[in-house]
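S.K.: Please see the structure below; I have some questions.
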Amino acid sequence: MGRHIPSVGTAGSRYGRAVNFLILSERDLHQSLPMRDAVEAMKDAFGALFAGEAVAPQRAHLSVPDQDAVSLLMGAYIPSMGLATKVVSLFPHNARAGRPVVTGLVEVLNPQTGEPDALIDGTALTAWRTGAASGAATDLLAREDASIGALIGCGAQGRTQLLAIDAVRDLTEVRVAARSLDSAERFCRGMQDQVQPRLIPVASAAEAVRDADVICAATTSRTPVLDGADLKEGAHLNGVGSFTLDMLELDPRSIERSTIFVDEVEAALEEAGELVAAERDGLTARDRWTPLGAVARGAATGRSREDEITLFKSVGHAVQDVAAASRALARARELGLGLPVDL
């Protein structure tokens, strides 16, 4: 059942036009866009990006040096999906005060008039669509018989990474590594009733990764969090935490051993520090990176061998926000979710 909430504001604007503007909370988002639907939306988004169907300039970085922080401004238009813009901020020091490290807002615009249609919790949407992107990559690239998962990082991104890989593969266990074993244990207790596989807290990334079939790294680390020598042949690795050239969440050995897939080659060259450093060191080359959308559209091969190690390195792209937000908004209207506001 949807939540029917009286609209806020006047019956119409001073221009004589009433607009059913919606504000969607995190709960509204999750109800209107279940993870499996979000995974399919990401396939559509990356497919549109690969096919040249999206207008999406590279995102702008607004640094806040005294806080070691950054605000990112981005937007995209996909004729078949919609139009949206987003501001998202990463303030690492917030963690000390128990405040969210990543915050943001997404504005959905009417693609015919440019008028605002909705405002969505950007923190929730960013985490949800980032997890869904790893779900899409896992669905397209991981072995069908994958049974053991590994998760490195237990923040908001870690939660959605877990939900996404659980949505696309029948995993029996997922080993979870965090900054401390206590953090991993708390995460596993909090998430166990939301997923099918058994969650196992472990003391190190190495313990999590060994023999794992699907691995998700979702940290903001500037130094590698795993050793590529530990990757099992046939494993699939999602690296989603780093998004600047000085962030190196994945180590050179992981890059060297893997067949690499990206959300977009141009975006990876601007923001995927691990790939740019590995190319500089002669361990990989950009002409060997395959856009995930090419696999989604059937224009490129995903996994070609059972023993192949595949890597999806994502820095995030505005097309993901458009695809997720537009689908969530349409479903929210059907379900009567969100807070209506007359503009």
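S.K.: Could you list, in sequence order, all residues of region 126-135 that are in contact with a Gly (Cβ under 9 Å, 6 or more places away or on another chain), modelled with pLDDT of 95 or more and among the hydrophobic types (A, V, I, L, M, F, W, C)?
M.R.: Matches in region 126-135: ALA133 only.
S.K.: What is the residue count in region 51-84 for residues that are in contact (Cβ under 8 Å) with a residue 60 or more places away in the chain and polar (S, T, N, Q)?
M.R.: Adding up the residues that qualify gives 1.
S.K.: Step by step: first the residues of region 101-128, then only those that are part of a strand (DSSP E or B) and free of Cβ contacts under 8 Å to residues at least 40 places away in the same chain, then the one that is farthest from the chain's Cα centre (by Cα). Which residue is that? Give the steps one after another, and end with the answer.
M.R.: Going through region 101-128, the residues part of a strand (DSSP E or B) turn out to be 102-109, 116-121.
Add one more test, that the residue is free of Cβ contacts under 8 Å to residues at least 40 places away in the same chain, and what stays is 103-105, 107, 109.
Values: THR103: 14, GLY104: 14, LEU105: 15, GLU107: 18, LEU109: 21 Å.
Once the filter is applied, the top-ranked residue is LEU109.
S.K.: Residues being modelled with pLDDT of 95 or more, surrounded by fewer than 20 Cβ atoms within 10 Å (Cβ to Cβ) and among the aliphatic types (A, V, I, L, M): count how many of those fall in region 94-108. Don't jump to the end; show me each part of the working.
M.R.: Within region 94-108, the subset modelled with pLDDT of 95 or more is 105-108.
From what is left, the residues that are surrounded by fewer than 20 Cβ atoms within 10 Å (Cβ to Cβ) are 105, 107.
Of the ones still in play, those that are also among the aliphatic types (A, V, I, L, M) are 105.
Adding up the residues that qualify gives 1.
S.K.: I would also like to ask the following. Confirm whether ASP117 is farther than 19 Å from HIS236 by Cβ, modelled with pLDDT of 95 or more and among the charged types (D, E, K, R). Step through it out loud before you land on a result.
M.R.: Working: farther than 19 Å from HIS236 by Cβ: yes; modelled with pLDDT of 95 or more: yes; among the charged types (D, E, K, R): yes.
Yes: the conditions hold for ASP117.
S.K.: Mind checking which pairs have a first residue in region 188-204 that is farther than 16 Å from GLY155 by Cβ and assigned by TED's automatic domain parsing to the domain that holds GLY155 and a second that is crowded, with 19+ Cβ neighbours inside 10 Å and of a type outside the set (A, V, I, L, M, F, W, C), Cβ under 8 Å, 6 or more apart or different chains?
M.R.: Close Cβ pairs (under 8 Å, with a partner that is crowded, with 19+ Cβ neighbours inside 10 Å and of a type outside the set (A, V, I, L, M, F, W, C)) amount to VAL195/ASP166; GLN196/ASP166; PRO197/GLY149; PRO197/ASP166; ILE200/ARG175; VAL202/ARG175.
S.K.: Run down ARG331, ARG257, ARG305 and say which single residue is closer than 22 Å to LEU125 by Cβ, charged (D, E, K, R) and either more than 18 Å from the chain's Cα centre (by Cα) or assigned by TED's automatic domain parsing to the domain that holds ARG27 (or both). Talk me through it step by step, then tell me what you get.
M.R.: Details: ARG257 fails: closer than 22 Å to LEU125 by Cβ; ARG305 fails: closer than 22 Å to LEU125 by Cβ.
Testing whether each residue is closer than 22 Å to LEU125 by Cβ, charged (D, E, K, R) and either more than 18 Å from the chain's Cα centre (by Cα) or assigned by TED's automatic domain parsing to the domain that holds ARG27 (or both) leaves just ARG331.
S.K.: Given the structure, is ILE148 in contact (Cβ under 8 Å) with a residue 40 or more places away in the chain and either over 18 Å from SER326 (Cα atoms) or surrounded by fewer than 21 Cβ atoms within 10 Å (Cβ to Cβ) (or both)?
M.R.: Values: in contact (Cβ under 8 Å) with a residue 40 or more places away in the chain: yes; either over 18 Å from SER326 (Cα atoms) or surrounded by fewer than 21 Cβ atoms within 10 Å (Cβ to Cβ) (or both): yes.
Yes: the conditions hold for ILE148.
S.K.: Wholly within region 12-92, which strands (runs of 3 or more DSSP E) include no fewer than the required count, namely at least 3 residues that are of a type in the set (A, V, I, L, M) and within 13 Å of ALA328 (Cα to Cα)? Reasoning before the result, please.
M.R.: Details: elements: 20-24, 60-64, 69-78, 82-90.
The qualifying strands (runs of 3 or more DSSP E) are 20-24.
The values are calculated or read from the model by the stated rules, or taken from the named source; none is laboratory data. Predicted, not measured: the structure shown is a model, and the values here were computed from it. Neighbour counts run over all protein chains shown; Cβ positions are idealised from the backbone, glycine included.
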